[in-house]
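Every read-out reported here was derived from the displayed coordinates using simple, explicitly stated rules and does not represent laboratory data. This one's a predicted model, so the numbers in the text were calculated from it and none came from an experiment. Cβ placement follows ideal geometry from the backbone for every residue including glycine, while neighbour counts extend to all protein chains displayed.
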Amino acid sequence: MSRRPNLPVAIMQQLNFIGPRALQWRDVPPPVLDDPKSVLVRPLTVSTCDMDGVVIQGLLPLKGPVPLGHEGEGVIIEAGGEVTRWRVGDRVIIPWKIACGHCKSCGRGHSAQCLTVPPEDAYGWGPTAPHWGGFLSDVVLVPFADTMLTRLPDGIDPVLACGVADNISDGWRAVGPALRERPGGTVLVAGMVPPGSIGLYAAGIAVALGSERVVYADHDQRRLEIAGKMGAEPLQLGPNSLESLRLGGGLDGGFDVTVDASGSPEILQSLIRLTARAGVCVSTAGIVYRGRDPQLPVYEMYRKSMTFSTGWVHTHSLIDDPLDLIASGRFDPRPVITRVVPWEEAHAALAEPFTKLIVSREA
């Protein structure tokens, strides 16, 4: 395996969140390759996470400075002596969450709950972000490289693929596993929290997987138009708009899969009531309920034998499925992308509202 000595760089640039709509490029020391199982990666294509938009627009309190960026791909510029899968020059996708790949939790496919590292260890997110940095940096350190990284498939546009590091995989987990058990099953997605890419991805992936009916409900006209372009049936959210979808009385009717990307306790309750018997309801908006946990109609859920799930997405164990959908052409994430901007414009572009912003530079 080829190796490259430590880069002779004393300072690198890193984009940080300072406060609502306030971002700043900061000069920081570059990471050092001090573990033989790690690699250094130069990020090349970085996409925004929905949480980036929520925080930058001041919808969720976060104290800066915090390095930004945790969806992306890049090129390996240095590899530790015990790395066996990768070599310098490989293009790789970096998942948002740090995970060892070997503990009991990772072995079960639950990489977001890796037992080897602190619970919130991640790039561009949480209390340990200053240590791991963000992908909007000149260089990032990737530990556990052999199990952390995924190869960028040859011929695939990194602008389309880089989102599988988090939000596209999150959209897939909202519908993919349930539709495998319910081929052709019906899907209802409720989006509302901006930027809103996860709900749109879920709707588009459900269409790609052959769902016989996909309804995307939202109050935002632009997101409704995007959902329509992805093959979903747009529904303007309003008084009783969700209840109008009920196909029968009592426990009958409903959708095989419902997805809460709304962040609204009232909408979540409606989704649960619209979930079919033995159906699945997945909430991808759990972070928005911090400090205001919704009440759930547990008895009704019990009677219907339905499943409710939420939580951080286990990107490492799920990433291959959405990546294959994109590589095969069955799923096209282009309609969700607001725009692609060069690296030097990231600071200004991120301060403005977006659904999915891609920042890109040359290798």
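Search the stretch 165-205 for residues being in contact (Cβ under 8 Å) with a residue 60 or more places away in the chain and charged (D, E, K, R), and hand back the single one that is surrounded by the fewest Cβ atoms within 10 Å (Cβ to Cβ). Filtering first and then ranking leaves ARG182.
Would you check which residues across the stretch 73-86 are out of contact with any Ser or Thr (no Cβ under 6 Å at 6 or more places or on another chain) and under 23 Å from VAL313 (Cα atoms) and list them? The answer is GLY74, and nothing else. Scanning the stretch 210-218 for any residue that is within 23 Å of VAL164 (Cβ to Cβ), crowded, with 17+ Cβ neighbours inside 10 Å, β-branched (Val, Ile, Thr) and in contact with a strand residue (DSSP E or B) (Cβ under 8 Å, 6 or more places away or on another chain) turns up at least one such residue. Only residues that are buried (at least 18 other Cβ atoms within 10 Å of the Cβ) and either of a type in the set (D, E, K, R) or out of contact with any Asp or Glu (no Cβ under 9 Å at 6 or more places or on another chain) (or both) were counted in the stretch 344-354, giving 2.
The single condition from (1) without any contact (Cβ under 8 Å) to a residue 60 or more places away in the chain; (2) touching a His at 6+ places or on another chain (Cβ under 6 Å) that HIS314 fails is (1).
Within the stretch 286-333, the set of residues being more than 23 Å from the chain's Cα centre (by Cα), exposed (fewer than 14 other Cβ atoms within 10 Å of the Cβ) and among the basic types (Lys, Arg) comprises just one member, ARG303. Summed over the stretch 149-167, the residues that are out of contact with any strand residue (DSSP E or B) (no Cβ under 8 Å at 6 or more places or on another chain) and of a type in the set (A, V, I, L, M, F, W, C) give a count of 2. Scanning the stretch 19-40 for residues that are part of a loop (DSSP other than H, G, I, E, B), surrounded by 15 or more Cβ atoms within 10 Å (Cβ to Cβ) and out of contact with any helix residue (DSSP H, G or I) (no Cβ under 8 Å at 6 or more places or on another chain) yields PRO30, PRO31, LEU33, ASP35.
Scanning the stretch 102-148 for residues being among the small types (Gly, Ala, Ser), surrounded by 16 or more Cβ atoms within 10 Å (Cβ to Cβ) and out of contact with any strand residue (DSSP E or B) (no Cβ under 7 Å at 6 or more places or on another chain) gives a total of 2. Restricted to helices (runs of 4 or more DSSP H) entirely inside the stretch 41-152, no element has at least 3 residues that are hydroxyl-bearing (Ser, Thr, Tyr).
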